[in-house]
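J.: Provided herewith is a single structure, encoded as structure tokens, for subsequent inquiry.
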Amino acid sequence: MQTPRAVIIGYGYAGRCFHSYLISITPGLILHGIASRDAPTRERIVSERGCRAYESLEQVLEDPDVDLVVLATPNGTHADMAIRALRAGKHVVTDKVMALTLAECDRMIAAARESGKLLSVFQNRRWDGDYLTVRWLLAEGRLGDVRWIEMAWQGFGALGGWRRSQAMGGGKLYGLGSHLIDQLVMLFPQAIESVYCRLHHDLPEMETESQAMVTIGFTGGATGICDTSCLAAISKPRVYACGTGGTFIKHGLDPQEAAMNAGDINAAVEDPRQYGRLHDGKVESIIPTLLGRWRGYYENIVDVLTHGADLAVTPVDVRRSIAVLDAAFRSADIGQVVQVNIPPVDAIRSTD
């Protein structure tokens, strides 16, 4: 096919700083336009990105020159917008979280299958250096049989804008937690048997939770924990992994976002003081963090559309994490563990 032309829906932080930037530096992908309902924002789009400014999703879907629609809109809009775009014959990338419920997720997957168009989710943190490092440690057997992984993303203070809204899918669990749960269910590819969630609502200016703890029980007894907070002035480690061969702990965040916001994601370099530590019960070793590469997400999208490559982030893969989130909110509502039967990665991929 010709060089794919992408249009982003929304020019908030995600559309402006993530998607438009990454698309603009991806060879073989054209930033054709960005849509915003706000006239002054459309003027900024033209001056800042040098592309066409659309007034609405409808206008984008009517344009035959548009190949790929990227949804950088509030979480609560993703399902309906994605389905409309797929039915209009467009490929779709939606920002995370893919959907607010498992039912929405399944509607999106069905629409993609019916249309024969690509549907993917911007799980860019599968290309975080710390996540890649944990995957490497597991592959090398440095942790032995891994039984317990905790992932935390914490901060101090209320969220702003639509991220305070429950209806729009705000809150850190849907936002950053969707990354952590995605990483956990990729690191533990086995079936999922149980989910327990505890939510706190301690900030009156937010409709969404102030703190969330999700515990995931995997077949064979492994445990994954996702911990997000707006009440943590002192953060937990980003990753804490325990296995029969040792324990790995790491603080700090991947440096790509800061480098990207400074104008050059390729300049991202982690401070060695943030490197993780691996202890085998006798000796502690410093583990340099592998280099992350967020731009790899859109490089894969190009390879899929132009060369028929395998999609790196498939909707059926992401469905496992949406099923966990769906169960987590049910668990929080009833105050009990929710028993689930979420198939392993291999079983899901074999039926895709």
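J.: Note the full-extension length gain between residue 147 and residue 345 as 0.36 nm times their separation in residues minus their Cα-Cα distance, in nm to one decimal.
T.: Length difference between fully extended and current span is 69.5 nm.
J.: Over the chain, what is the percentage of antiparallel beta bridges among all DSSP beta bridges, to the nearest 5?
T.: Details: 36 of 63 bridges.
For the chain, the DSSP antiparallel bridge percentage is about 55.
J.: Ok, one more. Once amide H atoms are placed 1.01 Å from N in the peptide plane, what residues at a sequence separation of 5 or more from residue 148, or on another chain, have their amide H within under 5 Å of its amide H?
T.: Those lying under 5 Å, H to H, from residue 148 are 223, 242.
J.: When the chain is treated as a GNM, springs tying every alpha-carbon pair under 10 Å, which of 204, 237, 315 comes out with the largest mean-square fluctuation?
T.: 204
J.: Using the Karplus equation 6.51 cos²θ - 1.76 cosθ + 1.60 (θ = phi - 60°), what ³J(HN,Hα) coupling, rounded to whole Hz, does each residue of region 269-277 give in order, writing x for Gly and Pro?
T.: 9, 7, 4, x, 5, 8, 4, x, 10
J.: Tell me, how many Å apart are the Cα centres for region 55-104 and for region 243-317?
T.: Cα centroid to Cα centroid, the span is 27 Å.
J.: Grab the Cα-Cα distance for residue 44 and residue 198, subtract it from 0.36 nm times how many residues apart they are, and report the gain in nm with one decimal. Before the final figure, lay out each step's value.
T.: On the way: separation 154, 0.36 × 154 = 55.44 nm, distance 4.17 nm.
So the extension gain works out to 51.3 nm.
J.: Taking R0 as 35 Å, what's the FRET efficiency between residue 232 and residue 24 from their Cβ-Cβ distance, rounded to 0.05?
T.: Values: r = 34 Å, r/R0 = 0.98.
That gives a FRET efficiency of 0.55.
J.: Still on this structure: Measure out, as a whole number of angstrom, how far apart the alpha-carbon centroids of region 127-200 and region 1-37 sit.
T.: Spelled out, the Cα-based centre of one part sits 26 Å from the other.
J.: Counting Lys +1, Arg +1, Asp -1, Glu -1, what net charge surrounds residue 101 among other residues with beta carbon under 14 Å of its beta carbon? Before the final figure, lay out the partial values.
T.: On the way: positive: 107, 319, 330; negative: 80, 104, 106, 326, 333.
Cβ neighbours under 14 Å give a net charge of -2.
J.: May I ask which residue of 231, 220, 244 lies farthest towards the positive end of the charge dipole of region 200-316, with charges of +1 (Lys, Arg) and -1 (Asp, Glu) on Cβ and the Cα centre as origin?
T.: 244
J.: Can you sort 140, 209 so the residue with the fewest Cβ neighbours within 10 Å comes first?
T.: Details: 140 9, 209 26.
Lowest to highest Cβ neighbour count: 140, 209.
Since every read-out is calculated from the coordinates, none of them should be taken as a lab result. Since the model is a prediction, treat every value here as computed from it, not as a measurement. Neighbour counts run over all protein chains shown; Cβ positions are idealised from the backbone, glycine included.
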